[in-house]
Amino acid sequence: MFSLAEKIIAARNLRPKKKEGFLKVISSFSFIGIMLGVAILIIVMSVMNGFRSELTNKILGFNPHVVIKSYSQELNNLELIKEISNDIKISQIRKSFSGEAVLMDNNTTKGVYVKGLDIDDEQNLNFLKNIITKGNTNSFGTGELILGNELALDFNLSVGGTINLFSSSFVNTPFGNLPKQETFKVKAIFNSGFYEFDKNVIFLELNESLIFFDKNEKNLDLEIFIDNPIKANLLKDNIEKGNPNLFVYSWIDLNKSFFSALKVERNVMFIILALIIIVAAFNIISGLTILIKNKTKEIAILKTLGLSNRSIIKSFFLTGFTIGFLATITGIFIGILFSLYIEPIRNILSLLFNVEIFPSDIYFLDKMPSEINTFSIITVFFLSIFMTAISSLIPALKISKMNIIQAIKYE
């Protein structure tokens with residue numbers, strides 16, 4: 001593709017003389033600019049990908065893929081399964097109940113989301129065991145609850161402690177209708193890694209939750225888990241077609257706006273950070289333009305010796321392209337390395353500057369996520385190479401318009 005003469009000329013151009021120190025500065029800035037642009041873009045894309053994946057896993061870990069609520073009739077698993085298309089594999093179907101309540105202790109109150117779980121279901125128990133950090137689920141039942149570690153910290157609770165819980169249902173008393181109140185013992189404390197869940201969710205045994213909210217089996221929801229959560233809306237549509245009297249929603253419906261916002265933010269960040277590479281690439285245009293101006297005499301001599309315009313253009317193009325290519329490779333290496341060790345780096349920076357970076361109460365996660373995506377890296381690589389090629393070609397093409405006689409005469 002490039003002849004030996006073209007490579008030699010490009011190599012000499014990459015080592016400017018002492019009197020051409022300004023060219024060295026521009027080349028250095030071009031290299032550093034592209035390198036940092038590529039590295040930052042890969043780091044940001046990795047963090048955004050990791051943030052999306054972690055949130056999806058946390059949400060899917062806690063929430064069913066499809067939830068079915070009945071307006072008037074008790075839900076029947078077998079009847080609903082018949083309405084599901086054959087190409088969607090169901091991993092689990094379980095009954096549950098959820099409601100809102102108020103947690104109260106002395107002068108502290110907080111609204112919480114109460115979820116009833118069937119402890120006879122082995123998958124439910126396995127799910128709880130995976131996130132419980134204190135206590136256990138042995139004989140979990142009447143008068144007991146499991147709550148998140150953030151909620152436990154707010155109320156200064158530990159395993160074995162007691163707490164008052166007020167239901168959204170009412171009971172008749174001589175003083176009128178009052179919210180139903182019960183005292184529960186803390187059976188266990190969980191840590192899901194998802195701040196919002198750890199701070200707002202309480203688990204009760206399924207029958208206990210029905211009694212607490214004054215409900216019966218007709219009020220139970222049906223939760224469906226499938227092998228491919230992305231097909232949740234397809235499953236939802238199939239169920240709704242055969243059962244118009246059922247209210248069906250999926251995890252995608254509940255988090256549509258959230259993930260749409262994440263996608264928009266990711267795309268906007270990509271565009272903004274890509275401008276860093278574009279600006280840095282313009283330094284190559286400046287550098288090559290000055291280099292060609294300073295090498296006017298040498299270029300004229302090369303033309304006189306028989307070197308074609310095409311070869312000279314290719315040699316100067318190779319000069320700029322080499323800077324951009326090496327900067328891109330270096331930037332990718334730094335970006336991947338930084339992405340792999342982003343959590344230790346975050347901890348070190350937090351200790352050095354005494355600033356909390358990536359606070360869990362704002363970003364929902366207790367550590368900074370990172371997921372290196374091959375497609376994102378390839379996209380960044382080709383974007384950088386494309387901008388480098390364009391920036392190197394524009395000034396190089398001006399060589400073809402150079403007048404040999406005037407160049408030799410005035411130089």
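The values are calculated or read from the model by the stated rules, or taken from the named source; none is laboratory data. Quick caveat, the model's predicted, so the values are computed rather than measured. Quick reminder, even Gly has a Cβ in these numbers, built from the backbone with ideal geometry, and neighbours come from all protein chains shown. Keep in mind that these areas ignore ligands, DNA and RNA; they rest on the heavy atoms of the full protein, side chains included. Shrake-Rupley method; radii C 1.70, N 1.55, O 1.52, S 1.80 Å.
A compact table of results
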{"item": "Amide proton proximity set for Phe190, modelled H, under 5 Å, gap of 5+", "result": "Thr133, Leu147, Gly148, Asn149"}
{"item": "Efficiency of FRET from Cβ geometry, Asp154 and Ile329, R₀ 51 Å, rounded to 0.05", "result": "0.55"}
{"item": "Phi-based couplings in Hz for the stretch 337-344 (Karplus 6.51, -1.76, 1.60; Gly and Pro marked x)", "result": "4, 5, 5, 5, 10, 5, 5, x"}
{"item": "Whole-Hz ³J(HN,Hα) from phi, Karplus 6.51 cos²θ - 1.76 cosθ + 1.60, for the stretch 144-149, glycine and proline x", "result": "10, 9, 10, 10, x, 5"}
{"item": "Length added when fully stretched, Asn207-Ser169, from 0.36 nm per residue minus Cα-Cα", "result": "12.1 nm"}
{"item": "Most to least accessible of Phe140, Phe127, Phe282 (protein chains only, probe 1.4 Å)", "result": "Phe282, Phe127, Phe140"}
{"item": "Accessible surface of Val159 - all protein chains present, 1.4 Å probe, nearest 10 Å²", "result": "70"}
{"item": "Rounded accessible area of Thr183 (nearest 10 Å², 1.4 Å probe)", "result": "80"}
{"item": "Accessible area (Å², 1.4 Å probe, nearest 10) - Tyr341", "result": "130"}
{"item": "Cα-projected label distance for Thr162 with Asn228, points at 7 Å along beta-carbon direction, nm", "result": "5.3"}
{"item": "Extension gain from Asn126 to Thr379, taking 0.36 nm per residue of separation minus the Cα-Cα distance", "result": "87.1 nm"}
{"item": "Extension gain from Val268 to Glu343, taking 0.36 nm per residue of separation minus the Cα-Cα distance", "result": "24.6 nm"}
{"item": "Exposure ranking of Lys185, Lys241 by accessible area [1.4 Å probe, largest first]", "result": "Lys241, Lys185"}
{"item": "Cross-link table Lys69/Lys263; Lys7/Lys295; Lys89/Lys199; Lys89/Lys236; Lys231/Lys367; Lys129/Lys185, entries beyond 21 Å C-alpha to C-alpha", "result": "Lys69/Lys263; Lys89/Lys199; Lys231/Lys367"}
{"item": "Pairwise label distance in nanometres, Ser350 with Ile252, each label 7 Å out on the Cα-Cβ vector", "result": "3.5"}
